[in-house]
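The values are calculated or read from the model by the stated rules, or taken from the named source; none is laboratory data. Worth saying up front: this structure is predicted, and the values here are computed from it rather than measured. In this analysis, Cβ positions are derived from the backbone assuming ideal geometry, glycine residues included, and neighbour counts consider all displayed protein chains. For accessibility, only protein heavy atoms count, side chains too; no ligands or nucleic acids. Shrake-Rupley method; radii C 1.70, N 1.55, O 1.52, S 1.80 Å.
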Amino acid sequence: MAIEFRGARLAPLRDLTISAPTGSVIGVIGEKGAGKAALLQLASGTAQPEAGQVIASGERRYLGPLDPLQLSPVDILLIEHSLAHHDALVRARALAGIDRLRSAGTTVLIVSHDLDLLQSICDEVWWLHAGELVQRGDPRQVLDAYRQNIAAKVRAWGATLKTPLRPAMRRGDGRAEILSIETLDSAGIPTAVWRSGEHATVCVAVRYRDQVEEPVIGILIRTRIGLEVYGTNTELEKVPTGSYAADDPMRIEFTFVCDLCPGEYTITAASHDADGATHDWVDDAVAFAVVDSRYTAGVANLRAKVKIVTSVPK
């Protein structure tokens, strides 16, 4: 083994036992305070363990966030966010250089928040949390588990956020006022973050200021750059709304499966007559996010099932 940790302890790391073989690229992931920096300090020899041992063979080199990308031959290379500040061309050249070092027998430990980069280059990923090794192994499996963990935490954080009405533009003849737009999770709890694939609800609260017959209430979801993703209203859904006098409230819910890709979105809502005369229209009034345990390109998460139906004969 090129480097081995035997019960190594250096705050916040506690009794870390793990090893990295010669000629391998190991990704190290974790949230703030997980122990990633401490691991690299021990691996580089710039810090000694408070307990346990770190056994390393050969020359070691540490590259920090702002260090030049020195990728000349070395036995053990330790990289801490060193690629984050470089452009795509420099990063591509660096990854090719790391691959050459691996082929020559160098062991590389990379700490990075760029999970796609780690999946593309690493032979193994170590996931640290609060000073302990949570999981190690195949990059795709470990990174998917880590993404799912982060998505769940973002989802929980979203439930603590308020969603005030902040329209980019507001128009209408004043016969109604949209009071609020709430985004609810599958349990009916307000949240600013939905999980892709969950049942979600948009709740619109309206108060009428004048007599209105059969108002049409609608919503429109857009991406953060303004691409219209989905829209519907009570007329399209064939839901009669009834008659409203001055000061009458209305609360209406639109429920659907949130088959959107991870990203940031906005909700527009409106109350208008069947002929299009607008009572109140609030553009991009509420923002929300969608998270998932995996990356998906685009806007619609169609959840394709893939299978090989023919294969090339050997």
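Observations on the model:
- Tilt relative to the chain, helix 139-158 - C-alpha long axis, 0 to 90 degrees, to 10: 40 degrees
- Selection from Gly188, Gly263, Gln211 lying farthest towards where the dipole of the chain points positive, charges on Cβ: Gly263
- Over segment 213-314, the pair-distance histogram of Cα-Cα distances with 5 Å bins from zero comes to 2, 10, 18, 18, 14, 11, 9, 6, 4, 3, 2, 1, 1, 1, 0, 0 percent, rounded to whole numbers.
- Sorted largest first, the spans of the alpha carbon positions of segment 36-90 along the three principal axes are 41, 22, 12 Å.
- Of [x] 37, 21, 18; [y] 53, 21, 17; [z] 43, 22, 19, the label for semi-axes √(5λ) of the Cα gyration tensor in Å derived from the coordinates: [y]
- Stokes-Einstein diffusion for segment 1-152, with the hydrodynamic radius set to the Kirkwood value over Cα pairs and evaluated at 20 °C in a medium of 1.002 mPa s, equals 140 µm²/s.
- For segment 2-71: rounded, prolate or oblate by the Cα gyration tensor [a/c cutoff 1.5]: oblate
- Degrees separating the helix 88-103 axis from the principal Cα axis of the chain, which is the longest one: 40 degrees
- Residues whose placed amide H lies under 5 Å from that of Trp126, excluding near-sequence neighbours: Gly27, Val28, Ile29
- Here segment 51-131 is treated as a sphere whose radius is the Kirkwood value from Cα pairs; by Stokes-Einstein at 37 °C and 0.692 mPa s it diffuses with a coefficient of 242 µm²/s.
- Charge context of Arg222, other residues only, Cβ under 14 angstrom, K/R +1, D/E -1: -3
- Rounded to the nearest 10 Å², the accessible area of Leu66 at probe 1.4 Å: 150 Å²
- Spin-label pair Thr22/His113, simplified geometry with 7 Å Cα→Cβ offset, distance in nm: 3.7 nm
- Between Ala84 and Ile308, the modelled label-to-label distance comes to 3.9 nm, taking each label 7 Å out from Cα in the direction of the beta carbon.
- Semi-axis lengths, Å, segment 149-280, gyration tensor of Cα atoms, sqrt of 5 times eigenvalues: 28, 14, 14
- Of the solvent-accessible surface of segment 85-169, computed with a 1.4 Å probe over protein heavy atoms with every protein chain present, carbon and sulfur atoms account for 53 percent.
- Near Leu63, the amide H atoms lying under 5 Å from its own belong to Leu78, Ile79, Glu80; only residues 5 or more places off or on other chains count, and H is placed 1.01 Å from N.
- FRET efficiency for Ala104 and Ser57, using Cβ-Cβ distance with R0 set to 25 Å, rounded to 0.05: 0.95
- Cα centroids of segment 256-300 and segment 33-101: 43 Å apart.
- Each principal axis of the Cα atoms in segment 141-218 has its own extent, and those three values, largest first, are 58, 23, 17 angstrom.
- Whole-Hz Karplus values for segment 56-66 come out as 9, 10, x, 6, 10, 9, 10, 10, x, x, 10 Hz, taken residue by residue from phi with 6.51 cos²θ - 1.76 cosθ + 1.60 and θ = phi - 60°; glycine and proline positions read x.
- Given charges at beta-carbon only (K, R positive; D, E negative), |dipole| of segment 106-196 in Debye: 560 debye
- Two-site FRET efficiency, Ala300 against Gln211, from Cβ-Cβ distance with R₀ of 51 Å, rounded to 0.05: 0.80
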